[in-house]
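Novice: One structure coming up, written as structure tokens, with questions to follow.
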Amino acid sequence: MGLETVIKDIIDVAEAKVSETNAGAEAEASEIMEAARQSAKKIMGDRMAQAESDIQRMKKQEVSSANLEVKRTMLNARKDVLERVYEQAVEIISSMPESKQEDLLKAILEANESSGTRIYSNKESEELVKRLSSLEYAGNIDCVGGVIIENEEATVRLDFTYDIILKRVYEQNLRQTSDILFG
């Protein structure tokens, strides 16, 4: 065997090893590329799922926020209507004819006059209260109507002003009034 044959054999073996190494490298590169594609697909899928989840969460928050705003607006509107009803009741009471006021004051005084020694009323009702009551007239108060009866020591004050009576009735019947007005 000649030197040329040995060199050719070495070159053939080297070329075979290079081909084998290249094939292995290409296979490994192909595996790495496929793994990278799969990883990219998984990342993309995870990101899409997260984005969809975020969109759904934001949508629910927006709907919930809108519902709260609608409820708040409706409650404010109902509150305004109830306040107007209350104001109208105050106007009706303050413009009540004197004969009705006299009947109402008589009923209050008959039931409660014995509990005090002094009486207060608004300026408009002063003469009527003085005429109807045997109690000492102690002065004027700021109210729509009615009276305050006070004992000698000023430790007990019975407030029968129309303002307080209306406020109590309003608070006690607020739910019923709201149900009647708004169903």
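Bear in mind that the values in this text are calculations on the coordinates, not laboratory data. These numbers come from a predicted model, not from an experiment. Here the Cβ is made from the backbone with ideal geometry for all residues, glycine too, and neighbour counts use every protein chain on show.
Novice: Treating only the Cβ of Lys, Arg, Asp and Glu as charged (+1, +1, -1, -1), what charge dipole size does the chain show about its Cα centre? Round to the nearest 20 debye.
Specialist: 440
Novice: Let me ask something additional. Taking the dipole about the Cα centre of the range 97-182, with the C-beta of Lys and Arg at +1 and of Asp and Glu at -1, give me whichever of 135, 164, 178 is farthest to the positive side.
Specialist: Sorting the options by dipole projection puts first 178.
Novice: Roughly what would the spin-label model give for residue 87 and residue 178, points 7 Å off Cα along C-beta, in nm?
Specialist: Inter-label distance under the simple model: 2.0 nm.
Novice: I've got another one for you. Only sites in a loop by DSSP and with at most 11 other Cβ atoms within 10 Å count here; which GluC sites (Glu not before Pro) in the range 103-178 make the cut?
Specialist: Listed in order of number, the matching sites are 152, 153.
Novice: While we're on this one: Where is the GNM fluctuation largest for the chain (alpha-carbon springs, 10 angstrom cutoff): 93, 11, 55?
Specialist: Between 93, 11, 55, it is 11 that shows the largest mean-square fluctuation.
Novice: If you don't mind, there's one more thing I want to ask. Quick one: 3J(HN,Hα) in Hz for the range 109-118, Karplus 6.51/-1.76/1.60 with θ = phi - 60°, rounded, Gly and Pro as x.
Specialist: Each residue's phi maps through the Karplus curve to give 5, 4, 7, 10, 4, 5, 8, x, 10, 10 Hz.
Novice: Taking the Cα centroid of the range 48-121 and of the range 156-183, what is the distance between the two, rounded to the nearest whole Å?
Specialist: One Cα centre to the other: 10 Å.
Novice: Given the convex hull over the Cα atoms of the range 1-95, what projected area results after averaging over all orientations, in nm²?
Specialist: 7.6
Novice: If you don't mind, another one. How large is the direction-averaged shadow of the alpha-carbon convex hull of the range 127-183, in nm²?
Specialist: Seen from a random direction, the Cα hull of the range 127-183 projects 5.3 nm² on average.
Novice: Separate question: Would you calculate the separation in nanometres between label points at residue 156 and residue 54, each defined as 7 Å from the Cα along the Cα-to-beta-carbon direction?
Specialist: Rounded to a tenth, the inter-label distance reads 7.1 nm.
Novice: Follow-up. When only C-alpha pairs under 8 Å and at least 6 residues apart count, what is the relative contact order of the chain, in percent?
Specialist: Answer for the chain is 15 percent.
Novice: Follow-up question, since we're still on this one. Could you give the angle, 0 to 90 degrees to the nearest 10, between helix 162-172's Cα long axis and the longest principal axis of the Cα atoms of the chain?
Specialist: 40
Novice: Which residue, 142, 103, 12, has the most motion in a Gaussian network model of the chain that connects Cα atoms within less than 10 Å?
Specialist: Among 142, 103, 12, the largest mean-square fluctuation in the Gaussian network model of the chain belongs to 12.
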